[in-house]
Structure formats: C-alpha cells, structure tokens
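A short worksheet on the structure shown next.
The values are calculated or read from the model by the stated rules, or taken from the named source; none is laboratory data. What you are looking at is a predicted structure, and each value in this text was computed from that prediction instead of being measured. Virtual Cβ from ideal backbone geometry, glycine too; neighbours counted across all protein chains shown. What goes into the accessible areas is simple: the full protein's heavy atoms, side chains included, and nothing from ligands, DNA or RNA. Shrake-Rupley method; radii C 1.70, N 1.55, O 1.52, S 1.80 Å.
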Amino acid sequence: MNPCAYLECGSVKWSLILLLSVSLFRSCLSEQIPEFALMEVKENEIHEAEIEEVTVEDELDSEDQEVFYPTREWQTVRPGQAVPAGLHMRLNLQTGKNEARIPDPENEKNGMTYKKKGTRLGKVNIDSNVYTPQELKKVLAKFKEGTEEEKAKVEGIKQKFRPIDDLMKEFEELNMRIETDFEIMTKLINKFNSSSSSLDEKAAALHDLEYYVHQVDNAENMFSLGGLQLMINELNGTEAVLKELSAFVLGSALSSNPKVQVEAIEGGALQKLLLILGTEQPLPVKKKALFALSSMLRHFPYAQQQFLKHGGLHILRSIFREKGAEVLHIRVVTLLYDMIVEKELLQDSEVNSEQMKEKIEQYKQVILVPVLIEQGWCKIISDLLGLPEHDTREKVLKTVNLLLAFCKGQYRGDQKLNTTLNLLRREYEELVEEELKAGEQDSYFRELLSSVNEILQNLR
Ligand SMILES: *[C@@H]1O[C@H](CO)[C@@H](O)[C@H](O)[C@H]1NC(C)=O
Ligand SMILES: *[C@@H]1O[C@H](CO)[C@@H](O)[C@H](O)[C@H]1NC(C)=O
Ligand SMILES: *[C@@H]1O[C@H](CO)[C@@H](O)[C@H](O)[C@H]1NC(C)=O
C-alpha cells in the first residue's frame with residue numbers, strides 16, 4: 001500500500017507525517033513536495049561527490065529563505081529553512097524538532113536505502129507552490145500543540161509501521177528464543193532428574209518438557225541433553241504419573257522425527273512401551289504408551305519389524321480383552337490402518353532413488369497383514385462397527401474396506417456383520433437425506449454411506 005494514500009499526504013495531516021519514521025516521511029514528501037526532494041538513492045549508489053554537489057542556490061528564489069547547510073552530523077532544521085535534496089531526515093521525538101544530515105553510506109546499512117531519482121541527483125527541485133517554509137513553520141507549531149486525538153492516531157500509525165530498529169530487536173529476540181528453549185529444557189531435565197525434586201515438581205517438569213519437544217530441534221536437543229534416555233528409563237519406573245508423562249513426552253518427541261525415532265529404539269523404548277501395554281497398568285499410562293508406540297512406528301519400517309518380532313500384535317490384541325480399555329480400541333485400529341496404508345502407498349509410488357529402494361526393501365520385511373488375519377483381527381475390527389460414534393465408525397469402515405480382500409471369506413459368513421452393515425446403511429441413508437434437506441454441500445454422511453455400500457457390494 002502506498003503510505004501516502006494511507007496518510008492523505010496531500011491534506012493537512014502534516015503533524016502526523018512528521019512523527020513517522022524517516023522512510024515514510026521521505027517517500028511522502030518526495031512525492032508531494034518536490035522542493036524537499038528527499039531523493040532516494042540506493043546505498044551502493046551513493047557517491048560522496050554527488051552528495052557534495054548538493055546545492056540550493058540556483059533554485060532558491062525567495063529572499064527570506066534561510067538555507068540549511070547539511071553535514072554528516074544530525075542538525076536541527078529550523079522552521080523556515082529550506083532543506084536540500086538527498087538528506088536524511090528524522091524527527092527528534094525528544095525535542096519535537098526536525099533533524100537532517102548527509103547520509104553516511106557506512107552507517108546506513110541497517111537503515112534507509114536510497115534510490116537514484118532520474119538525473120536530478122544533486123539538484124534541489126523547488127516548487128514553492130506546494131510547500132513553503134511558512135507552511136513548515138505552521139506544521140511544526142501545530143505539531144507542538146497536537147491534540148490528544150492526533151497523538152492517539154500517531155500511536156496507531158506508529159504501531160502499523162514499526163521502525164526497523166524494533167524489527168531488528170524482535171529478530172534478535174527470536175534468535176535468543178532458540179537459545180532460551182535450550183536453556184529451559186536443560187533446567188526442566190535437571191529438575192526432573194534431581195533427587196531433591198518432589199513428585200509434583202517432576203511431573204510439572206515433564207508437562208513443560210512435552211510442550212517444547214513438539215519442535216523438531218528441541219526434540220533432538222532433548223536427546224543430546226540426555227533427556228530422551230531419562231524418559232525411556234522412567235517407563236518402567238514406580239510412579240504411574242511419571243510413567244504416563246514420560247510416555248507423553250516421548251510420543252511428542254517421536255512424532256515425525258526420524259532422528260529421535262532411531263535414538264529411542266536404540267535406547268530400548270520399544271520393549272518398555274510394549275511391557276506397559278501388555279501388563280496391568282492404569283488406563284492413562286496405557287493411553288500415553290500407545291500414543292508413544294504409534295509415534296515410534298509411523299513411517300519407521302525398522303521399528304515396525306521389531307514391533308512384530310517382539311509380539312507387538314499379540315500385545316495389542318490383549319487390549320481388546322481388557323475391561324474398561326475401550327478408548328484404546330479405536331486408537332489401535334487407527335495405528336494398524338496407518339501402517340497398512342503407509343506400506344501400500346510406498347509400493348505404489350515411483351522408485352526414483354536408492355533411499356526409496358532401501359525403504360521399500362525394509363517395508364517388505366514388515367509382514368503385517370498375514371499376521372493380522374492369523375490372529376483373528378478381521379473380526380476384532382469389524383465388531384467395532386457396533387460403536388455409536390460416527391468418527392469411530394468412519395475409521396473402522398475404512399479399515400474393514402482395506403482388509404476386505406484378505407478377510408472376505410470370514411466376513412461373508414458373518415451374519416452379525418451383515419446385520420450391522422444393513423443397519424448402518426439405513427441409518428446413513430436417513431442422515432444423508434437430512435443433510436440434503438439442510439442444503440449441505442459436502443456431505444459427511446454420504447461418504448460413510450458409500451463406504452458401507454461398497455463393503456456390502458463386495459460381500460455379495
Ligand atoms: C541425572 O542424574 C544422575 C545422578 O545425579 C547423573 O549421573 C546423570 O548424569 C543425570 N542425567 C542427566 C541427563 O542430567
Ligand atoms: C527398569 O529397567 C531397567 C532395565 O531395562 C532396570 O535396570 C531397572 O532397574 C528397571 N527399573 C525398575 C524400577 O524396575
Ligand atoms: C444380509 O441382511 C439382509 C437384510 O438384513 C438380507 O436381506 C440379506 O439376505 C443378508 N445377506 C446375507 C448374505 O446373509
């Protein structure tokens with residue numbers, strides 16, 4: 001946006017303009033008031049000779065006009081003084097006075113840039129019809145007696161157009177923050193590891209740590225600080241709440257972070273997570289352990305192989321025999337679905353690198369579906385269609401569809417499944433109709449319905 005448009009440069013809002021950062025001031029003036037001609041010159045185009053050529057005499061025609069003689073130092077521009085072109089101008093907020101100087105190319109790197117304007121560099125272009133020294137006097141006077149309303153407006157504008165110094169400061173703070181994250185994490189890890197910390201303090205430290213490790217760099221730093229191993233060790237600790245929270249931290253750190261995934265499996269996390277899932281533990285501990293396990297297995301075929309080798313599917317299956325662990329069921333199905341799809345997607349994609357070849361080789365050794373069939377997962381999964389939540393059913397329908405090719409024989413003879421699917425069909429047909437009546441465009445239930453129909457079709 002043209003700042004001049006915003007400021008109504010042509011109008012009498014000069015007191016506002018005077019308060020603005022130099023760049024705004026300059027660009028507005030140079031457009032509207034040629035006698036100021038605060039020409040913009042790119043910093044590397046500045047030549048001292050040209051600056052020194054700045055003269056005013058030729059064009060100054062008014063006898064009462066006092067000329068401002070610029071130097072490399074900031075000098076106050078008195079009201080009524082004519083200012084030559086090519087200068088740096090600023091408003092000294094302490095004195096309320098305008099100041100100008102010859103730009104110093106060495107010192108301007110972080111500040112303004114100047115642009116050559118035609119061939120007129122070094123010449124002052126005066127057009128006193130636009131802006132006279134008398135007017136400048138008035139403006140300065142007006143500025144001093146600025147109303148509260150105007151001051152508020154100026155504040156608003158200042159916030160919109162922040163000076164470069166502020167931006168630099170913010171940038172510095174941004175750099176600092178990365179270092180601060182590291183420092184905070186060091187403190188949290190020490191707090192957790194300290195024998196003098198109470199249980200509550202340790203739990204609070206893990207809670208905070210979890211927040212930080214979502215960031216990839218932070219998660220890797222947790223490893224280099226020794227925190228990852230502390231989390232893994234805690235998984236077989238004695239305090240349920242610390243087990244739960246360390247699994248939580250692990251899960252977040254492992255999410256989409258291949259480096260941490262490798263370190264975690266080398267640190268023995270997989271066996272400990274499976275131990276939690278396969279033994280009697282409070283539900284919140286199991287929930288977070290399942291979260292950490294899922295984060296560890298996703299997109300990491302080596303971990304998937306190890307998971308199968310250690311009887312991971314058996315352990316997950318045992319969860320379905322537990323009372324009160326229903327909230328975990330759909331999470332298990334989601335994990336299995338993701339693992340199957342992940343492998344299929346990779347098999348379908350083009351092989352265009354050695355790395356890809358290697359990955360496909362690794363996935364080939366993840367023998368998941370045959371084991372699922374053997375262990376009776378077809379029925380375990382389709383039984384979940386009886387659950388009431390649409391989101392759950394959506395996931396289960398997708399998984400059943402995915403497994404259909406392998407589970408067909410079993411599903412065909414399953415009267416209960418046939419009944420369930422037909423009930424679902426009726427329910428979703430009604431919901432689709434309601435959606436249509438309500439004029440909804442993207443039909444959520446239509447998708448569920450077509451999923452149900454697809455399965456029924458395939459089972460015929
Ligand atoms: C945790 O504390 C133990 C015992 O004080 C110490 O040996 C170990 O280095 C600490 N670990 C970390 C990661 O700070
Ligand atoms: C946790 O397991 C490690 C070995 O993996 C063992 O050294 C440690 O004593 C166990 N901790 C508890 C509290 O059982
Ligand atoms: C499935 O159920 C529907 C209605 O409940 C019935 O008409 C159909 O014959 C059943 N199909 C099989 C294969 O049992």
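In whole Hz, with x marking every Gly and Pro, tabulate ³J(HN,Hα) for segment 403-414 from phi via Karplus 6.51 cos²θ - 1.76 cosθ + 1.60, θ = phi - 60°.
Once θ is set to phi - 60°, the couplings for segment 403-414 become 8, 3, 4, 8, 9, 3, x, 5, 5, 4, x, 8 Hz.
Using a 1.4 Å probe, how large is the accessible area of M89, given in Å² and rounded to the nearest 10?
0 Å²
What part of the accessible area of segment 181-375, given as a whole %, is carbon or sulfur when the probe is 1.4 angstrom?
The C+S portion of the solvent-accessible surface of segment 181-375 is 52 percent.
May I ask which of K272/K395; K287/K323; K243/K379; K364/K408; K259/K395 have a Cα-Cα span longer than 25 Å here?
K272/K395; K243/K379; K259/K395
Sort out for me the Cα centre separation of segment 403-442 from segment 214-285, rounded to whole Å.
Using only Cα atoms, the two centres lie 39 Å from each other.
Evaluate the distance, in nm, between pseudo-label points positioned 7 Å from the Cα of E358 and of K187 along their respective Cα→Cβ axes.
Modelled inter-label distance: 4.0 nm.
Check which residues have an amide H placed less than 5 Å from V77's amide H, if you skip close sequence neighbours.
N98, E99, A100
Could you go through segment 442-452 in sequence order and give the Karplus-derived ³J(HN,Hα) for each residue, using 6.51 cos²θ - 1.76 cosθ + 1.60 with θ = phi - 60°, rounded to whole Hz, and x for Gly and Pro?
The phi angles translate into 8, 8, 6, 6, 4, 5, 4, 4, 5, 5, 4 Hz.
Could you rank W74, W377 by how accessible they are, 1.4 Å probe, largest area first?
Heavy-atom accessible area, descending, gives W74, W377.
In square angstrom, rounded to the nearest 10, how much accessible surface does D383 have for a 1.4 Å probe?
Surface accessible to solvent at D383 totals approximately 70 Å².
Rounded to the nearest 0.05, what FRET efficiency is calculated for L387 and I367 with R0 set to 30 Å and r the Cβ-Cβ distance?
Once rounded, the FRET efficiency stands at 0.55.
Working with all protein chains in place, sort Y337, Y363 by solvent-accessible area computed with a 1.4 Å probe, largest first.
Order by accessible area, largest first: Y337, Y363.
Could you tell me the accessible area of H329 in Å² (1.4 Å probe, neighbours in place), rounded to the nearest ten?
H329 has an accessible surface of roughly 20 Å² with all protein chains in place.
Apply 1/(1 + (r/R0)^6) to the Cβ-Cβ distance of E433 and F406, taking R0 = 41 Å, and write down the FRET efficiency to the nearest 0.05.
0.75
How high is the FRET efficiency between D217 and R317 when r is their beta carbon distance and R₀ equals 30 Å, given to the nearest 0.05?
0.20
About the Cα centre, and with charges only on the beta carbon of Lys, Arg (+1) and Asp, Glu (-1), how big is the dipole of segment 181-375? Nearest 20 debye, please.
580 debye
In nm, what is the difference between 0.36 nm times the number of residues separating R426 and R78 and their Cα-Cα distance?
So the extension gain works out to 116.7 nm.
Under the 0.36 nm per residue contour assumption, what length would be gained going from the current alpha-carbon distance of E344 and D442 to full extension?
Result: 32.5 nm gained on full extension.
Starting from the Cα gyration tensor of segment 218-262, take the square roots of the eigenvalues, sort them a ≥ b ≥ c, and report rounded, prolate or oblate (rounded when a/c is under 1.5, otherwise prolate if a/b is larger than b/c, else oblate).
prolate
With θ set to phi - 60°, apply the Karplus curve 6.51 cos²θ - 1.76 cosθ + 1.60 along segment 261-271 and write out the HN-Hα couplings as whole Hz, x wherever there is a Gly or Pro.
4, 5, 4, 5, 6, 5, x, x, 5, 4, 4
Relative to the present Cα-Cα distance, how much length would full extension add between E239 and S196 at 0.36 nm per residue of separation?
So the extension gain works out to 13.9 nm.
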